[in-house]
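Remarks on the structure that follows.
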């Protein structure tokens with residue numbers, strides 16, 4: 001743990017001194033309230049921190065503690081059907097703790113650490129496994145089988161693996177790597193949101209994504225593994241089209257990111273999706289949907305992170321072999337968040353005040 005103190009506060013941007021041992025992208029806790037933030041720039045022993053919560057009342061001299069790890073998400077059984085904020089805090093659990101109006105510093109595990117899942121091992125003791133290999137399965141919902149995979153950081157021989165009822169933090173087995181070091185295996189794993197999960201090769205997008213909208217499938221076909229954008233002015237129906245894609249597209253998992261959009265639009269999603277019967281499974285649509293809500297009245301800094309949170313969760317289910325549709329609504333609100341943060345960092349602006357690296361950020365997404 002690396003500690004410092006606040007020098008200056010400017011909206012969600014905090015400058016903290018005495019952080020010479022900290023690194024860019026480290027997650028920090030700001031003030032005694034434990035507000036979550038992320039270091040986005042270092043100048044000597046001064047860290048520039050974007051805080052993911054309201055900073056009103058925070059002043060110079062308050063403590064800042066670096067947790068020594070980048071912003072990461074928890075991946076495991078229990079993701080499907082959840083609604084998260086931009087940094088993967090479960091909003092339902094936070095509402096149970098703090099009521100309808102969330103207090104600052106309230107936190108909860110992204111997935112339940114108490115619920116037990118029936119794990120069925122498919123790998124065997126003595127098997128040599130590497131990143132992405134399947135260890136076993138868990139029935140996450142009625143329609144989705146969650147595949148427990150070897151973490152991308154591990155490779156070696158399984159020395160123990162047992163079927164049974166486990167929480168995501170229980171040890172389900174052990175793995176011995178090439179250096180003889182033994183690693184514990186769990187139902188869950190964590191992964192930094194700003195780091196793409198590794199792939200062995202990129203497959204050609206040759207299979208069409210049947211969107212359920214005939215005009216799109218006919219005139220603007222989209223391939224599985226491909227990307228598409230829906231440009232248009234305010235009120236033209238971009239969000240409505242994305243709702244339709246989430247409801248009817250031929251995908252096994254839907255990750256819907258509400259990035260800076262109006263709160264009532266996410267309310268429509270929450271009200272409609274549980275009532276819709278998925279034509280492919282005959283069950284509620286929410287049994288294959290993960291929602292990330294960082295609406296326009298939520299902190300701007302977390303809006304920027306929400307895109308990466310959604311992408312990492314989508315990549316996780318892609319690694320299981322599922323067809324995943326990721327919706328980000330909207331890229332323009334994300335760009336506005338980048339502009340606001342870039343301005344506070346005093347970076348040289350590009351067109352209309354957006355940062356010069358905006359095009360490359362959108363392209364990489």
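List of remarks:
- Our helix-only sum for the chain, with -39,500 (n - 2.57) per DSSP H run of n ≥ 4 divided by its residues, gives a mean residue ellipticity at 222 nm of -6500 deg cm²/dmol.
- Across the stretch 1-57, Cα-Cα pairs more than 13 Å apart make up 52 percent of the total.
- Fewest-first ranking of 347, 74, using other Cβ atoms within 10 Å as the exposure measure: 347, 74
- Residue with peak Gaussian network fluctuation, the chain [Cα springs, cutoff 10 Å], from 119, 219, 48: 219
- Shape call, the stretch 108-176: gyration tensor on alpha carbons, a/c limit 1.5: prolate
- Per-q log10 I(q)/I(0), the stretch 261-365, q = 0.12 Å⁻¹ (Debye; single scatterer per alpha-carbon; no solvent): -0.51
- Gap separating the Cα centres of the stretch 103-167 and the stretch 1-49, nearest whole Å: 34 Å
- P(r) histogram, all alpha-carbon pairs of the stretch 40-80 included - 10 Å bins from 0, percent: 17, 44, 24, 13, 1
- Principal axis box of the chain, alpha-carbon based, largest edge first, Å: 57, 54, 42
- Max mean-square fluctuation residue, GNM over the chain, Cα-Cα springs under 10 Å, options 57, 132, 212: 57
- Model label points for residue 120 and residue 45, set 7 angstrom from Cα along the Cα-to-Cβ axis, are 5.8 nm apart.
- Structure remark: mean-square fluctuation, Gaussian network model of the chain, C-alpha springs under 10 Å; the largest value among 319, 217, 85 belongs to 217.
Read-outs throughout are calculated quantities, based only on the coordinates presented, and are distinct from any laboratory measurement. Just so you know, these numbers come straight off a predicted model, no measurement behind them. Neighbour counts are summed over all protein chains in view; Cβ atoms, including those assigned to glycine, are modelled from backbone coordinates with ideal geometry.
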